[in-house]
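The structure appears below as structure tokens.
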Amino acid sequence: MITYRRTLVKSFKHDGHLHRMWMENWIVPKEMCHQLHQQEDMLVIINCHTPIQEANGKQWISKVPAVTFFVPNQWFNIVALIEEQGIRYYCNIASPAYQTDGVITYIDYDLDVIRHSDGHIAIVDREEYDMNRLVYHYPDVVERRVAQGMEALMGRMRKGDTPFQDDAVLWYYKQWMSAQS
């Protein structure tokens, strides 16, 4: 029997304060991961209508199922949102994720890249990044890592490299749904 382990996901800002928490997520067992994802030792999680808590305590529920990919040592993570019109990839420029004791954590560096289901790519929140790099005094090494993360992410996205494959995202979600019943 396949066992999906529950996990909490927490994102922080550079100064260490909490940004946002995704309360109910499920880790895809390594043996269930796609071969290409296993080769990169990706951490894959799934959630559906999960409660989300903002730093100010406000809570809301996500509207669509999501499959999230954390690639070791990469300064981004990729959230595949399964929407009625297709899969939209919402990508966070962020520190590599750290996993311990049922919690996945990372630092969110504001910049986001969205690949819409029609293939259109948009970089968003550049103003927030520019503001926060001054507020939080991002060191040069962080700015270099952010730029490298953006470059690596855009390269994967433009080439359609893993994990930007809709069929794999849908497969993960269907397998998880089957295990829930």
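The values are calculated or read from the model by the stated rules, or taken from the named source; none is laboratory data. Everything numeric in this text was worked out from a predicted model, so none of it was measured. Every residue, glycine as well, gets a Cβ built from its backbone with ideal geometry; the counts of neighbours run over all protein chains shown. These accessible areas exclude ligands, DNA and RNA; they are computed on the full protein's heavy atoms, side chains included. Shrake-Rupley method; radii C 1.70, N 1.55, O 1.52, S 1.80 Å.
With respect to the conditions (1) part of a helix (DSSP H, G or I); (2) touching a Ser or Thr at 6+ places or on another chain (Cβ under 8 Å), ALA80 falls short on a single one, namely (1). Entry remark, segment 32-68: residues being assigned to a strand (DSSP E or B), surrounded by 17 or more Cβ atoms within 10 Å (Cβ to Cβ) and either touching a His at 6+ places or on another chain (Cβ under 7 Å) or among the polar types (S, T, N, Q) (or both) number 3 in total.
Beta carbons closer than 6 Å, at least 6 apart along the sequence or on distinct chains, pair a first residue in segment 119-142 that is of a type outside the set (Val, Ile, Thr) with a second that is part of a loop (DSSP other than H, G, I, E, B) and surrounded by fewer than 14 Cβ atoms within 10 Å (Cβ to Cβ) for TYR136/ASP15.
Checking each residue in segment 142-181 for being hydroxyl-bearing (Ser, Thr, Tyr) and in a helix (DSSP H, G or I) picks out TYR172, TYR173, SER178.
The set of residues in segment 1-20 that are in a strand (DSSP E or B) and either buried (at least 19 other Cβ atoms within 10 Å of the Cβ) or not aliphatic (A, V, I, L, M) (or both) comprises ARG5, ARG6, THR7, VAL9, LYS10, SER11, PHE12, HIS19, ARG20. Looking across segment 99-141 at every residue that is in a loop (DSSP other than H, G, I, E, B) and under 20 Å from MET21 (Cα atoms), the one that is most open to solvent (accessible area, probe 1.4 Å) is identified as ASP101. Among residues belonging to segment 22-31 that are in contact with a strand residue (DSSP E or B) (Cβ under 7 Å, 6 or more places away or on another chain) and open to solvent by 20 Å² or more (accessible area, probe 1.4 Å), point out the one that is farthest from ALA55 (Cα to Cα). If we take residues in segment 22-31 being in contact with a strand residue (DSSP E or B) (Cβ under 7 Å, 6 or more places away or on another chain) and open to solvent by 20 Å² or more (accessible area, probe 1.4 Å), then TRP26 is farthest from ALA55 (Cα to Cα). Selection of segment 143-164 for residues being without any contact (Cβ under 8 Å) to a residue 12 or more places away in the chain and under 15 Å from the mean Cα position of the chain (by Cα) yields only ARG156. In the condition set (1) in contact (Cβ under 8 Å) with a residue 24 or more places away in the chain; (2) within 14 Å of VAL169 (Cβ to Cβ); (3) touching a Lys or Arg at 6+ places or on another chain (Cβ under 6 Å), LEU81 is compliant with all but (1).
Checking ASP125, ASP118, ASP110 one by one, the residue that is under 25 Å from LYS63 (Cα atoms) and touching a Gly at 6+ places or on another chain (Cβ under 8 Å) is ASP118 and no other.
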